[in-house]
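Colleague: Have a look at this one before I ask anything.
Each reported figure results from applying straightforward, stated rules to the coordinates on display, with no laboratory input. Given the structure is predicted, the values throughout are model-derived calculations rather than measurements. FYI the Cβ positions are ideal-geometry reconstructions off the backbone, even for glycines, and counts take in every protein chain you see.
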Amino acid sequence: MNVLPPEIADDMRRARRLEWWTLGGMASVIAVMYFAMGSSQAMKTAFIEDLLSLVPAMTFLIAARFERRPPTHEYRFGFVRVNSLAFLASAVVLTVLGSLLLFDGVSALAKGEHPTIGPIELFGQVIWLGWVMIAALAYSVIIPVVLGRLKLPIARRLRDKVLHTDADMQKADWQTGLAGIVGVLGVGLGFWWADAAAAAVISFSILHDGLRNIRIAAAELLDSVPRELDSAAMAAEASRLQQRLEAMFPGGEVRLRESGRYILANVYGVHPPEDLPTLASLMGDDPPWRLAQLSFTPPNCARSNEA
């Protein structure tokens, strides 16, 4: 499994290229946000979320590099599951920082803190700082919209949870930008609470994504059934594969689990047939590379295990 299937090699190259573009594009967004944020709570929270958006991109690039390494004496099965570990790490980062930011935003609302967005001199003209913030937030919307739309179909074809999480983060980034604009405009119109409320909404979104991703990542590391990229439901192709195997081996118990982007299947309580079908044929119309292993546990071994 450490050799990347040729069917997805091109998509993997595109994904790596997109992640490098993400690091460069989001770095420019972070720089603009840093110089424009002032004392706005919403701007600070949006700035931190933009920083967080670098985490999935970096973890994907690291995981993609390790995934291709051959097995070693200590790691006999290779490094395919580093993708799952990277997914869990990015989810934990989102959850922790989302919790801290939500607490910060709710505290600001409870204390009734009144943010001030005053005038500044820019190119010899005195303007309201809020317009600069809004321009920075608008810029922070454009790049994530483009990157997220480019990544999502590739993540689905690769069955890559880290890349899919990154696409979700890009969606959260542009929604954050819009929420920040509403918060800044609210302060300008005299609604002091709009800034902290926008910050709380943004941080709740970060926390929600983190908790959902932790649940999916933990299930994969615990050898759960293969799951959809964006939910805890069993993946459709895994469900179809299970039905095919159950029909082919009615006396056995079919067990599926996921290792990185691959499905591993075991038919429990059945002797392996002499005319063993190819893995590609078992996948039917689904991507043939997805099934990486089919093994059998004979009845005598099954009884021994149960004992």
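Colleague: How high is the FRET efficiency from residue 189 to residue 9, r the C-beta distance, R0 41 Å, rounded to 0.05?
Modeller: Details: r = 53 Å, r/R0 = 1.30.
Efficiency, rounded to the nearest 0.05: 0.15.
Colleague: How many percent of DSSP beta bridges within the chain run antiparallel, rounded to 5?
Modeller: About 65 percent, rounded to the nearest 5.
Colleague: Could you give the nm distance between label points at residue 236 and residue 17, where each point is 7 Å from its Cα heading toward the beta carbon?
Modeller: The two pseudo-label positions are separated by 2.8 nm.
Colleague: Give me the number: length gained by fully extending residue 125 to residue 58, i.e. 0.36 nm times residue separation minus the C-alpha to C-alpha distance, one decimal in nm.
Modeller: 20.1 nm
Colleague: Which of 297, 165 has the fewest other C-beta atoms within 10 Å, and how do the rest follow up to the most? Don't skip to the end; give the middle numbers.
Modeller: Details: 297 19, 165 30.
Ranking 297, 165 by Cβ neighbours within 10 Å, fewest first, gives 297, 165.
Colleague: Compute the distance in nm between two label points, each set 7 Å from the Cα along the Cα-to-Cβ direction, one at residue 300 and one at residue 135.
Modeller: With each label point 7 Å from Cα toward Cβ, the separation is 8.0 nm.
Colleague: Leaving out same-chain residues fewer than 8 places away, which lysines sit with a Cα under 16 Å from that of residue 151?
Modeller: 161, 171
Colleague: In a solvent-free Debye calculation with one equal scatterer on each Cα, what is log10 I(q)/I(0) for the chain at q = 0.12 Å⁻¹, listed in the order of the q values?
Modeller: Calculated log10 I(q)/I(0) at the listed q: -0.82.
Colleague: Which FRET efficiency, nearest 0.05, do residue 73 and residue 285 yield, Cβ-Cβ r, R0 45 Å?
Modeller: 0.70
Colleague: Please list, in order, the residues from segment 199-234 whose amide nitrogen is less than 16 Å from a point placed 7 Å along the Cα→Cβ vector of residue 92.
Modeller: Once the point is set 7 Å along Cα→Cβ of residue 92, 210-222 turn out to lie under 16 Å by backbone N, inside segment 199-234.
Colleague: With +1 on each Lys and Arg Cβ and -1 on each Asp and Glu Cβ, how big is the dipole of the chain about its Cα centre, in debye rounded to the nearest 20?
Modeller: In debye, rounded to 20, the chain gives about 380.
Colleague: Can I ask one more? Amide H to amide H under 5 Å from residue 291: which residues, 5+ apart in sequence or cross-chain, H placed 1.01 Å off N in plane?
Modeller: Counting only residues 5 or more places away or on other chains, the set is 263.
Colleague: Apply the membrane-span-like helix rule to the chain: whole DSSP H runs, Cα extent along the own long axis of at least 27 Å, mean Kyte-Doolittle hydropathy at least 0.5. List the helices found.
Modeller: The answer, listed by residue number, is 82-111, 129-158, 193-221.
Colleague: If each residue of separation counts as 0.36 nm, what is the full-extension length gain between residue 208 and residue 142 once their alpha-carbon separation is subtracted?
Modeller: Fully extending the segment from residue 208 to residue 142 adds 21.5 nm.
Colleague: Of all the Cα-Cα pairs you can form in segment 62-193, what percent are over 19 Å apart?
Modeller: Percent of Cα pairs beyond 19 Å in segment 62-193: 67.
Colleague: Still on this model: Compute the FRET efficiency between residue 224 and residue 274 as 1/(1 + (r/R0)^6), taking r as their Cβ-Cβ distance and R0 = 22 Å, and round to the nearest 0.05.
Modeller: E(calc), rounded to 0.05, equals 0.10.
Colleague: Among 208, 164, 73, rank each residue by its count of other Cβ atoms within 10 Å, from fewest to most, as a rough exposure measure.
Modeller: Ascending Cβ contact count within 10 Å gives the list 73, 208, 164.
Colleague: Could you work out which residue, out of 275, 285, 230, moves most in a Gaussian network model of the chain, that is, has the largest mean-square fluctuation with Cα springs under 10 Å?
Modeller: In this elastic network of the chain, the residue with the biggest mean-square fluctuation among 275, 285, 230 is 275.
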